[in-house]
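Peer 1: The structure's right below; bear with me while I get my questions together.
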Amino acid sequence: MAQSIFQDAAAIAAASPSTVRTELELLRAHRSPPAELSDVLADPALPARVADAVLAVWHAVVEPEWPRIFTVLQRDVRFRAERLSRDGWGAALAGIHKRLTWNNGEIAVSRFPDSRIRLDGRGLLFIPSVFVAPGVALTTDAPWQPSITYPARGIGTLSEGAAEPLESLSRLLGPTRAQIVSLLSEPASTTQLGVLTGVSLSGISGHLGVLRDAGLITRERAGRSVLYRLTPIGETLHGAARAHTGDSRPGVP
């Protein structure tokens, strides 16, 4: 999560032309590439050209939305990690994707029912993504780290925006504080709440202070971050407001 796109591009640029060429040829086998691709593959500056292309796409397509995308990914990772540490693999994988199930110490991927892969100590990397939906991607080829890429929770918020606060809760707390309470159905940092609500960090801090004084939220340190979460009183209030309005939303995942 801490590695930047610029580190990724630097790794590509530092790779040998033969390595980059091999990877592109693998993609080429599944696509209908333009004729001029052959000339590009023969270029000794191929790694630098690919790195420049990756950064160009990043700046044009991803960077403008990156704060919101990154927030969705962070919250997914924390949600899965907490479930795994508290309740085990079955709980961590529950709802991750309809094709993935946990069964007697094995992860089953319904897309590959006849294949059996042993990790043999290599580990398995889970990668949340906002681009892979509605599918799931499985990587097992050497020398890459075995991995499963799956749709992150909360992808819908990127196109729809954060859910509107519950009306009854909004009348009691005000719309922004009600939205914060709904978002804190899962722990979040001040920065994440600011990204999801569109409120300035100073504004978010002020609202969090009021909610803490009212006993609705608490905070805890997680590494270098400070995360806020609902207290039992806050959870009861939020649950009662949802039940009163018949709203089944679990906040914004």
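Peer 1: Which ones in the stretch 119-148 are closer than 20 Å to residue 65 by Cα and surrounded by 15 or more Cβ atoms within 10 Å (Cβ to Cβ)?
Peer 2: 127, 128, 129, 130, 132 - these are the residues of the stretch 119-148 that are closer than 20 Å to residue 65 by Cα and surrounded by 15 or more Cβ atoms within 10 Å (Cβ to Cβ).
Peer 1: Please enumerate the residues belonging to the stretch 24-45 that are open to solvent by less than 60 Å² (accessible area, probe 1.4 Å), part of a loop (DSSP other than H, G, I, E, B) and at pLDDT below 85. Let's see the steps before the verdict.
Peer 2: Kept after step one, since they are open to solvent by less than 60 Å² (accessible area, probe 1.4 Å), are these residues of the stretch 24-45: 24, 33, 37-38, 40-41, 43, 45.
Within this subset, residues satisfying the condition of being part of a loop (DSSP other than H, G, I, E, B) are 33, 43, 45.
Selection gives 33 alone.
Peer 1: In the stretch 1-23, which residue that is under 21 Å from the mean Cα position of the chain (by Cα) and not in a helix (DSSP H, G or I) is surrounded by the fewest Cβ atoms within 10 Å (Cβ to Cβ)? Explain how you work it out, then say what you get.
Peer 2: At the first step, the residues of the stretch 1-23 found to be under 21 Å from the mean Cα position of the chain (by Cα) are 1-9.
With the extra rule that they be not in a helix (DSSP H, G or I), the set shrinks to 1-4.
Working: 1: 7, 2: 4, 3: 8, 4: 8.
Step by step, filter the stretch 1-23, then rank; the result is 2.
Peer 1: Among 11, 56, which is the only one that is of a type in the set (A, V, I, L, M, F, W, C) and closer than 19 Å to residue 141 by Cβ?
Peer 2: Values: 56 fails: closer than 19 Å to residue 141 by Cβ.
Selected residue: 11, the only one of 11, 56 that is of a type in the set (A, V, I, L, M, F, W, C) and closer than 19 Å to residue 141 by Cβ.
Peer 1: How about the stretch 173-189: which of its residues are touching a Gly at 6+ places or on another chain (Cβ under 8 Å), under 13 Å from residue 78 (Cβ atoms) and open to solvent by 10 Å² or more (accessible area, probe 1.4 Å)?
Peer 2: Passing the criteria: 185, 186.
Peer 1: Moving on to the next point. Report whether or not residue 80 is over 19 Å from the mean Cα position of the chain (by Cα) and surrounded by 14 or more Cβ atoms within 10 Å (Cβ to Cβ).
Peer 2: Details: over 19 Å from the mean Cα position of the chain (by Cα): no; surrounded by 14 or more Cβ atoms within 10 Å (Cβ to Cβ): yes.
The answer is no for residue 80.
Peer 1: Given the residues 32, 85, which is the only one that is closer than 26 Å to residue 141 by Cβ and of a type in the set (Gly, Ala, Ser)?
Peer 2: Values: 85 fails: closer than 26 Å to residue 141 by Cβ.
Unique residue meeting the criteria: 32.
Peer 1: Is it the case that residue 108 is under 25 Å from the mean Cα position of the chain (by Cα), farther than 30 Å from residue 14 by Cβ, at pLDDT below 85 and not polar (S, T, N, Q)? So that I can check it myself, show each step before the final result.
Peer 2: Working: under 25 Å from the mean Cα position of the chain (by Cα): yes; farther than 30 Å from residue 14 by Cβ: yes; at pLDDT below 85: yes; not polar (S, T, N, Q): yes.
The answer is yes for residue 108.
The values are calculated or read from the model by the stated rules, or taken from the named source; none is laboratory data. From a predicted model like this one, the values you see are computed outputs, not experimental measurements. Don't worry about glycine lacking a Cβ; one is built from the backbone with ideal geometry, like all the others, and counts go over all protein chains shown. Calculation scope for accessible area: heavy atoms of the full protein, side chains included, ligands and nucleic acids excluded. Shrake-Rupley method; radii C 1.70, N 1.55, O 1.52, S 1.80 Å.
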